[in-house]
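Heads up, the thing below is written out as structure tokens.
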Amino acid sequence: MELQLIWFILWGVLWAVYFMLDGFVIGMQMISGAIAKTDTEKRILINTVGPVWDGNEVWLITAGGATFAAFPRTYALMFSYLYTALLLLLFALIVRGVSFEFRGKVDNADWKASWDKAIVVTGFLLALLFGVAFGNIFKGIPMDAAGYHGTFFSLLNPYGLLTGALFLLLFAMHGALYLCVKTTGDLCRRAESLAGKLWIPVLLVAVTFLVYSKIDTKLLDNYFSMPALMVIPLAAVGSLLAVKLFMAKKAWYKAFAASCATVLFVTFTGVAGLFPNLIPSSLDPVWSLTIYNSSSSPYTLKIMTVVAFIFVPIVIAYKIWVYRVFRARVTEDDVLKKSEAY
Amino acid sequence: MDVLTLSRWQFAITCMFHFIFVPLTLGLSILTAYFETRWVQTNDETWLRMAKFWGKLFLINFSLGVVTGITMEFQFGMNWAEYSRYVGDIFGAPLAIEATVAFFLESVFIGVWIFGWDRISKKAHALSIWLVALGTNLSALWILLANGWMQHPVGYHLVTDAMGQIRAEMIDFGALLTNANGWYKFFHTVTSGYVVAAFFVMGISAWHLLRKSNPDFFKRSFRTAAIFGLASTIAVVATGDFSAIDVAKHQPAKLAAMESVWDTQKGVDFFLLLVPDSDAERNSIEAIGLPKMVSLLAFHNPDGEVKGLKDFPRDLRPPVAPTFWSFRVMVALGFYMMLMAAIGVWLSKKPDFADYGLFLKIMLFSIPVPYLAGQLGWVVAEVGRQPWIVYGVLKTADGVSRSISTGQVVGSLLGFTLFYGSLGVLDVYLLTKFAKKGPDGDIGGFIKMEGRRG
């Protein structure tokens, strides 16, 4: 397989795994205000992601680093064209990380209430910003030899906002299902009920997204020219249906697993639809950034491939071990009796 | 101000802010790991309380280091798109490797360490903080190999890319990995981080010893940190010497600015008292000379020739005053710290150590000293290589993004300054709060729990 294609696939996998893993953290953040009533319940929610959120965020940094190393032109233009959106994203990521760490460090109701708000707001902001950014990438952005012809506000077009809404709802449901397998008692019941309520809106927005993609973008063209690829969006739809099926059976672990698969395949649907582009130009395909015109040299790609094939499996192995160590549900006792808990 | 100037300020501010947290992380992870290891070996509870107390301060600092680090990765593309496009083929690789090899390690195992006290064995728990320390130090290695490449580019050639623009492509990964500049910087930077941690632990311990709170606990903390600090200050000076030799060899203009040498000459004297005057291209004061010392230090040869600033075109000279003063003050602080750490090692052996009030007070107020020295060191390294972003290959002015507006960067610079300013206040507030609180007394429940698995 050619090296650019390997790195295109890896690029897609890094983003997909990032969205699958940080998606439930972001989802937990968005719904935390709605389902946690007391301080202890809020602490339980933060502690469900406590041991893993930081490691999950590294997938984003790795996706960014891989873009830099494998497709430097895309990295350079994507980050400078989307300057303001990325700045907001950065601030949201920083506040989110700090709020988990700092919330419990001062025993004062106002202090905690402020961080609780920050957790919810940054959750919404992160889901929306990622959705809007990727919506615009799927659709293509107005760029040519002279550079970028849009602004921050032109990113907030209907298709961008629709993708934003898809990410919001999908992450919220994903986060709710995560809490279904990580909490107990009332908290768990509320998460289950919320996940159930979110499923229909997710389905509706997902269908609208697909229809709108067909009408307004070239995102689905690859699927019609290479029907074998249809497996990917079908898997996305199938996983989403499986979520409903498992929820109805109250098989929450399976429902969460299906939700993970949904996030993965939704991302893959977008990424495979882009091929061979990384960022299409909405003005003229000549100016699109493709995996060929923006890639690093074969030598660099070869070295990066060796590094990735050695270290990514090691990372996955110890991450699986960590998820196993912390697989238990977080209970009231856990947060009240341990000084280390957030 | 234009996009270039604003972007340079923003990079400097965000980088220096990030580097408030990095050095303490580098050193305190090792000290915390050492304390916990001693507990595993001896079952002595004081070591455990030390791991927990210093570990808590470590975590507050660590979280800010992590979140402010993401800014650095984003900023290359956001503000320095031309640079990123030009060098991505060779500069992107170490960054991606850093994320894969180091960030995952530290970020995953920090979670294990915080939450794993009663879930894994004592040994596995101690191992997890060692893996965090390994991750942070490996991360420093990769980012400094990347920085070393900017300082002394190796293993590349310039070619026309698929879109018809010139860029640097990697041709020798081994050369990147073995770039002496990067390795000297790595050892110099991590050991200076160990000094930050040593002075942090000594300073806070001094505060408690002055109040006679938990004397055994803080005497032991102080003594460990003093020994660690003395060894590290010696290593910083030694690696600084190697770095200087590398600068002399590859970055002659930086060397000339560091020592404020205007005319090319052999056997350059070192003046203890020197004030550069850039406009007049001379030094307005030169007094108390040590014969041939600059040449001796830079080339290990008393007759080594230093190329003077006047022999570089004006537009290829780094700003002399900030480079010179930063270097001078950094070196002076380095020797101050070596002396204080040595006194610390000597005094902390004494049974009446807590009665040395003046020394303890000095150590408390010396906490910021290694931080300052580290920041100044980066000013020498980065201001001293101007006007180049990649030494001799690409100018800083040619690396800035073309598609961003002054308004955008004014907005982001203001945003970062205010936002980081408040984070800094919060960090100092929380560190002070927990530092003053002292170690937790009651860890009995934990010991019992651990006994089951131990």
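The values are calculated or read from the model by the stated rules, or taken from the named source; none is laboratory data. Quantities reported herein were computed from a predicted structural model and do not represent experimental measurements. Please note: Cβ atoms are built from the backbone with ideal geometry, for glycine as well, and neighbour counts cover all protein chains shown.
In the condition set (1) of a type outside the set (Asp, Glu); (2) within 13 Å of chain B (Cβ to nearest Cβ); (3) free of Cβ contacts under 8 Å to residues at least 60 places away in the same chain; (4) farther than 26 Å from residue A:268 by Cβ, residue A:104 is compliant with all but (3). Among residues of region B:83-100 being more than 17 Å from residue B:182 (Cβ to Cβ) and more than 7 Å from chain A (Cβ to nearest Cβ), the one that is surrounded by the fewest Cβ atoms within 10 Å (Cβ to Cβ) is B:83. Looking at A:37, A:42, just one residue is more than 8 Å from chain B (Cβ to nearest Cβ), more than 24 Å from residue B:65 (Cβ to Cβ), of a type in the set (Lys, Arg) and buried (at least 22 other Cβ atoms within 10 Å of the Cβ), and that residue is A:42.
Criterion first (within 18 Å of residue A:103 (Cβ to Cβ) and either among the aliphatic types (A, V, I, L, M) or in a helix (DSSP H, G or I) (or both)) does residue A:46 satisfy it?
On the way: within 18 Å of residue A:103 (Cβ to Cβ): yes; either among the aliphatic types (A, V, I, L, M) or in a helix (DSSP H, G or I) (or both): yes.
Judged against the criteria, residue A:46 is a match.
Filtered by the rule that a residue be out of contact with any helix residue (DSSP H, G or I) (no Cβ under 7 Å at 6 or more places or on another chain) and of a type in the set (Ser, Thr, Tyr), region B:153-191 gives B:160, B:178.
Out of everything in region B:417-430 that is more than 8 Å from every other protein chain (Cβ to nearest Cβ) and touching a helix residue (DSSP H, G or I) at 6+ places or on another chain (Cβ under 6 Å), what residue ends up being surrounded by the most Cβ atoms within 10 Å (Cβ to Cβ)? Residue satisfying both the conditions and the ranking: B:420.
Can you tell me which condition residue B:71 does not meet? The list is (1) more than 7 Å from chain A (Cβ to nearest Cβ); (2) within 23 Å of the chain's Cα centre (by Cα); (3) not acidic (Asp, Glu), and all the others hold. Failed condition: (1). Output the residues belonging to region A:279-311 that are within 11 Å of chain B (Cβ to nearest Cβ) and small (Gly, Ala, Ser). If the condition is that a residue be within 11 Å of chain B (Cβ to nearest Cβ) and small (Gly, Ala, Ser), then A:294, A:295, A:296, A:297, A:308 are the ones that fit. With the structure loaded, tell me whether residue B:142 is modelled with pLDDT of 95 or more, assigned to a helix (DSSP H, G or I), more than 8 Å from every other protein chain (Cβ to nearest Cβ) and out of contact with any strand residue (DSSP E or B) (no Cβ under 7 Å at 6 or more places or on another chain) or whether it fails that test. Taking the combined requirement at face value, the residue satisfies it. Note on region B:389-412: residues that are of a type in the set (A, V, I, L, M, F, W, C), surrounded by 18 or more Cβ atoms within 10 Å (Cβ to Cβ) and either within 13 Å of another protein chain (Cβ to nearest Cβ) or more than 21 Å from the chain's Cα centre (by Cα) (or both) total 4. Restricting A:53, A:111 to those that are in contact (Cβ under 8 Å) with a residue 12 or more places away in the chain and under 30 Å from residue A:331 (Cα atoms) reduces the list to A:53.
Just one of the listed residues (A:294, A:259) is touching a Lys or Arg at 6+ places or on another chain (Cβ under 6 Å) and either crowded, with 21+ Cβ neighbours inside 10 Å or free of Cβ contacts under 8 Å to residues at least 40 places away in the same chain (or both), and it is A:294.
Residues that are part of a loop (DSSP other than H, G, I, E, B), touching a Gly at 6+ places or on another chain (Cβ under 6 Å), more than 21 Å from residue B:233 (Cβ to Cβ) and in contact (Cβ under 8 Å) with a residue 40 or more places away in the chain: does region B:303-319 have at least one? Checked region B:303-319: at least one residue is part of a loop (DSSP other than H, G, I, E, B), touching a Gly at 6+ places or on another chain (Cβ under 6 Å), more than 21 Å from residue B:233 (Cβ to Cβ) and in contact (Cβ under 8 Å) with a residue 40 or more places away in the chain.
May I ask you to say which residue of B:130, B:113 is more than 21 Å from residue B:381 (Cα to Cα) and more than 10 Å from chain A (Cβ to nearest Cβ)?
On the way: B:113 fails: more than 10 Å from chain A (Cβ to nearest Cβ).
Selected residue: B:130, the only one of B:130, B:113 that is more than 21 Å from residue B:381 (Cα to Cα) and more than 10 Å from chain A (Cβ to nearest Cβ).
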